Amino acid sequence: MSSQAARWIGQIVLYAAFAAAIAVLSQWPEYRPVAADQALLKVSFLHHGQRLQACVEQTPQELAKLPPNMRAPTRCPRERSPVTVEVELDGSLVYRQTAAPSGLSRDGTASVYRSIPVTAGAHRVHVRIRDSARSEGFDFEHEGVVQFDPLQVRVVDFSAEQGGITIR
Amino acid sequence: MNAPRPLPRLQAAWAWCEDRLDLASPRLNPLRHLGSIALLMFWVLVASGIYLYAMIDTSVDDAHASIDRLSREQWYLGGLLRSMHRYAADVLVLTTVLHLLREWSFGRFRRFRAATWWTGVALLPLITVSAIGGFWLNWDQLGQYSAIATAEWLDWWPLFASPFTRNFLGAASISDRLFSLFVFVHIGVPLLMVFGLWFHLRRLAHAAVWPPRPMLWTMLSLLLGLAAVAPVLSHAPADLTRVPEVLAYDWILLFVHPLVTVTSSTAVWLATLGLLALLLLLPFWRGAAVAAPAVAEVDPAHCSGCRRCVADCPYDAIRMVEHPTRRGFALAEVDADACASCGICVGSCPSSTPFRSMQHLRTGIDMPQQPIDALRRALRERLGQASAKSALVVFGCDHAAPVRALEAGDVAAFSLICSGMLPPSFIEYALRDGAAGVLVATCRDGGCAFRLGQRWTAQRLAREREPALRATVPTEKFACVAAGPGDILAVSEALARLRAQTTGETRSQVAVESPAR
Ligand code: HEM
Ligand code: SF4
Ligand code: SF4
């Protein structure tokens, strides 16, 4: 075989190998984001913590010092409490997070997001949320047995106005 | 004349691979045309993307079904284009990374190339964003996985009051508004890329925006072949209440998500930002680079304003201004920041002819580190020596085969900054001065350190480009050979052929000389 023919064959083999590499790497090896017997518990909510300091009644003397358009009877510091969430799965703590309020003056919502892998099956889930630094203990709680199908995504949501903590 | 610098190891390794892949022809060697292949892939993406956009439904609920229908019912057109769209993205990413590695290993990021380098780096995040975002538009399980993984990664930045991940919770599907944002990103970012590419190529004259024909058809057939043999199909529609079990995964475009999973968001953000910072700072790194060489200098007394240097300069570094003393004449002016110090303009200038009678040869535009006068002197001196009776003259290039290794009693070798620096009249001059033949050794097609030197030299010697070698020079008296830096053997073989040609022997009678080391 002439060396020119060998070079052409080499060239073709090279392009075929390149094409094969692309065909393979663009779909193989297959990827399993979670094991087949796993499910996910996603904890996610936005929540305004309670005010860090209580509103105070303004005395008439204090009010008198303010310009007339700012004479509100109570003064409320804007900063919010951080929000703490704890998740227990079958009695053991799997997640604990304290989320700071957003915004430069720390007066926005605190946000929580976590995706927790769970083995499929029934589990006792206990979620507690504390949203005020001015009182002790948790302000919201939810406990129950939750069924996780394999690969199912269940979501812990929280809205103080609409029924507190929910799992769906 | 300065001795050629030893190649840094990285460059030598790359050049070695590149030379090995010149199989059928350098024009089919992908390593020599990475930038233009990447650009070709970009245009394939644009063209196939426009067709897909016209054919599919871009709403959350119908996107998946419409794309799936296209793949099945219109497999011969829409289906093929869809698959080509994906494979072109794969090839674009691979060739861009190789293109970056090549320019890096050749040290092509400093001085006059810095602007090209920086705009290249800026293209990287744009390519990544449009490639990953493309998967979301299909809104199948793979798109769902990628969108959520991306949102989780972006939420590492505590910038937004409402995290991105909240868009992908529980509810059966995401909002149409969010989906419109996906579409917007996947069309808007490539538009930004068009601007980026324009800036990327702005400083390069005659940029290779298309690969050579054989390469172009090879790459298009390769995409079509891939699309026909392994068509891209959708996964099941997205379902936010479930994690997809198995994904046929595109590791070229989506490698970042598993990387975040096995390391952490923090690690991948640090690596990404660190790498980008490193790439952006690279032009400031002096490394082993020697001091910047002198740039081309114009001599107003010898510039006639003919513009040939403007036409040939690979980096658009020359413009014409009004001649300061000769009314109505133009004068070349070099932009020192853009000049690559390649000397190609010296080869273009009609005033560079050595036949001029002046004692000290001066030309319109010259390189202070290797003036054209020094070349004429050295040539005269060498051909004047008694041992040089019927000598062969070799003109080579500091960036290609080290021709000086061939220097012998009857071989006079000269290495220029770039072979494109050689005014063709020097060939005629050497022959008149007693040389038996002249060999011009350039780098290989697509291997020029200054992009265009090899091309202009080949065209000038073939009398296709001004200043052309005069038609009166007998063809058997000169030859041109293209050889890479590690390829001195090819030059010495060409020299042996030329020797045979000039003495009238046939090629088979000549034993190939072994190269002098
Ligand atoms: C979509 C991505 C890109 C495309 C389509 C592209 C395309 C091109 C093309 C067509 C050329 C001209 C080649 C020639 O005329 O010989 C070029 C040159 C160049 N590219 Fe890119 N490029 C891309 C990304 C990059 C990146 C990421 C870098 C590095 C960070 C880079 C660095 C360079 C450099 C330094 C040159 C100049 C080479 C020289 O002066 O000899 N490019 N590119
Ligand atoms: S030396 Fe090269 S880059 Fe500089 S002006 Fe001349 S041709 Fe252009
Ligand atoms: S090629 Fe020479 S003569 Fe022509 S414009 Fe350039 S410097 Fe002047």
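Values quoted throughout were computed directly from the atomic coordinates according to the rules given, and no laboratory measurement underlies them. This one's a predicted model, so the numbers in the text were calculated from it and none came from an experiment. Using ideal geometry, Cβ is built from the backbone for each residue, glycine included, and neighbour counts are taken over all protein chains shown.
For A:Thr109, nonlocal amide neighbours, meaning residues 5 or more places apart or on other chains whose placed amide H falls under 5 Å from its own, are A:Ser102. Computed over Cα pairs, the Kirkwood radius of segment B:297-503 leads via Stokes-Einstein (0.692 mPa s, 37 °C) to a diffusion coefficient of 192 µm² per second. Rg and Dmax of segment B:56-181, both derived from C-alpha coordinates alone, stand at 18.5, 55 Å. Computed from the Kirkwood radius of its Cα pairs, the Stokes-Einstein diffusion coefficient for the protein assembly as shown at 20 °C and 1.002 mPa s stands at 70 µm²/s. Note on B:Lys389: lysines with a C-alpha under 23 Å away, same-chain residues under 8 apart excluded, are B:Lys477. When you work out D = kT/(6 pi eta Rh) for segment A:97-168 at 4 °C and 1.567 mPa s, using the Kirkwood radius from C-alpha pairs as Rh and the Stokes-Einstein form, the result is 92 µm²/s. Of the residues B:Leu452, B:Thr502, B:Ala479, the one whose Cα sits farthest towards the positive end of the charge dipole of segment B:297-503 is B:Thr502 (charges of +1 on Lys and Arg Cβ, -1 on Asp and Glu Cβ, taken about the Cα centre). Here the peptides B:133-139, A:90-96, B:337-343, B:376-382 are ranked by packing, the mean other Cβ count within 10 Å, and the order with the highest first is B:133-139, B:337-343, B:376-382, A:90-96. With the convex hull of the Cα atoms taken as the outline of segment B:387-517, the averaged projected area works out to 7.4 nm².
Counting Cβ atoms of other protein chains within 10 Å of each Cβ in A:11-22 and taking the mean gives 5.
With the convex hull drawn around the C-alpha atoms of chain A, the volume per residue stands at 212 Å³. Using every pair of distinct Cα positions in segment B:34-288, the Kirkwood expression returns a hydrodynamic radius of 19.6 angstrom. The packing ranking, built from the mean of other Cβ atoms within 10 Å per residue, places the peptides A:120-131, B:140-151 in the order B:140-151, A:120-131, highest first. A convex hull fitted around the alpha carbon atoms of segment B:186-240 yields 112 Å³ per residue.
Summary of the geometry: segment B:125-166 and segment A:1-55, compared by the centres of their Cα atoms, lie 14 Å apart. Divide the volume of the convex hull around the Cα atoms of segment B:100-140 by the residue count and you get 55 Å³ per residue.
When you filter the trypsin sites (Lys or Arg not before Pro) in segment B:463-503 for DSSP loop state and at most 16 other Cβ atoms inside 10 Å of their Cβ, you are left with B:Arg463, B:Arg470. For segment A:57-120, GluC sites (Glu not before Pro) meeting the loop criterion (DSSP other than H, G, I, E, B) and having at most 15 other Cβ atoms within 10 Å: A:Glu79.
Of all the Cα-Cα pairs you can form in segment B:385-442, what percent are over 15 Å apart? Counting every Cα pair in segment B:385-442, those more than 15 Å apart make up 43 percent. Applying both filters, DSSP loop and at most 16 other Cβ atoms within 10 Å, to the chymotrypsin sites (Phe, Trp or Tyr not before Pro) of segment B:230-309 gives B:Trp251, B:Phe255, B:Trp285. Counting only DSSP H runs of at least 4 residues, each contributing -39500 (n - 2.57), and dividing by the residue count of chain B, the helix-based mean residue ellipticity at 222 nm comes to -15000 deg cm²/dmol. Spherically averaged projected area of the convex hull of Cα atoms, chain B: 29.9 nm². What separates the Cα centres of segment A:119-159 and segment B:1-75 is a distance of 49 Å.
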